[in-house]
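Peer 1: Before I ask anything, let me first share the structure, which is written out below as structure tokens.
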Amino acid sequence: MPNEQLLGNRIEGVDGTLVMGPAPTALHQQWLQRLQLAAVPALPKGTELLPGVAVRCGENRLLIPDFVIVTCPDVATTWYPASEVLLAAEIESPSARVQDRILKKARYAEALIPYYLLVDPEQEAATVYALSDGDYLPHAKSEGGLLTLAEPFPAELDLRLSGQLYASCTPSAHSEAHGFRHRTSSPEDVPARGGRRERCRGGGTPAARSRGRR
């Protein structure tokens, strides 16, 4: 394979085998940036959105979602356990559609990640899946290019805004300028699994939590 085709390739570990995925296209990265800019202002306290970080989904699986929302912000680490991931997201591309719709969806469910967001740029559509009895069920689907969420946090994402990554806006209007509208909420606590507030593994300060995970 020519060297230029290897640039940016994503290598994941699945059941003892290294799996090389294709490098993301410019369009894919534009959608990733749009989603990041849109989602961050709506995140509940105690969470953080991170693109392209590794998630350990069991002893022999190390996967790299397009982005994750984690419940342990400001940790100096190169990977997160699945137990600290609230939501994993994938942006579909023609070369990885089967992976995103079937294989990765199943692996994130097996790792008990509570929510999975699947975005289809070609259709300007998205679906949020919620974990139920070890499997993902559709939780929210976009309609007419608009995705309305109640969980894992209240928000509306307008997928019809094509290509506008930056806008001149005041801080209070930042999220709406990028397609994300806040809805009424009181995000004092991180959404919990099993009725309990999610706590960072090991507790303590971010510096203390970083030990042993470099």
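The values are calculated or read from the model by the stated rules, or taken from the named source; none is laboratory data. If you're wondering where the values come from, they're calculated on a predicted model, not measured in any experiment. Note that each Cβ is placed from the backbone with ideal geometry, even for glycine, and that neighbours are counted across all protein chains shown.
Peer 1: Given the options 110, 90, 59, name the one that is within 12 Å of the chain's Cα centre (by Cα) and of a type in the set (D, E, K, R). First the steps, then the outcome.
Peer 2: Numbers: 110 fails: within 12 Å of the chain's Cα centre (by Cα); 59 fails: within 12 Å of the chain's Cα centre (by Cα).
Just one listed residue meets the conditions, 90.
Peer 1: Just one of the numbered conditions (1) farther than 15 Å from residue 63 by Cα; (2) at pLDDT 95 or above; (3) in contact with a helix residue (DSSP H, G or I) (Cβ under 8 Å, 6 or more places away or on another chain) is not true of residue 115; which one?
Peer 2: The one condition residue 115 does not meet is (3).
Peer 1: Six or more apart or on different chains, Cβ under 7 Å: which pairs go from a residue in region 139-156 that's farther than 24 Å from residue 45 by Cα to one that's of a type in the set (Gly, Ala, Ser) and assigned to a strand (DSSP E or B)? Could you list them?
Peer 2: Final answer for the pair search is 142/125; 142/126.
Peer 1: Could you tell me whether residue 70 is more than 21 Å from residue 103 (Cβ to Cβ) and modelled with pLDDT of 90 or more?
Peer 2: Here the answer is yes, as residue 70 does meet what is asked.
Peer 1: Can you name the residue in region 119-157 that is acidic (Asp, Glu) and part of a strand (DSSP E or B) and, of all such residues, is nearest to residue 30 (Cα to Cα)? Before the answer, list the steps.
Peer 2: First, the residues of region 119-157 that are acidic (Asp, Glu): 120, 122, 124, 133, 135, 143, 151, 156.
Adding the requirement that they be part of a strand (DSSP E or B) leaves 120, 135, 143, 156.
Working: 120: 13, 135: 30, 143: 22, 156: 19 Å.
Result: 120.
Peer 1: Sort out which residues of region 42-53 are surrounded by 18 or more Cβ atoms within 10 Å (Cβ to Cβ) and either in a loop (DSSP other than H, G, I, E, B) or touching a Lys or Arg at 6+ places or on another chain (Cβ under 6 Å) (or both), and write them in order of number.
Peer 2: Listed by number, the residues that qualify are 43, 44, 46, 47.
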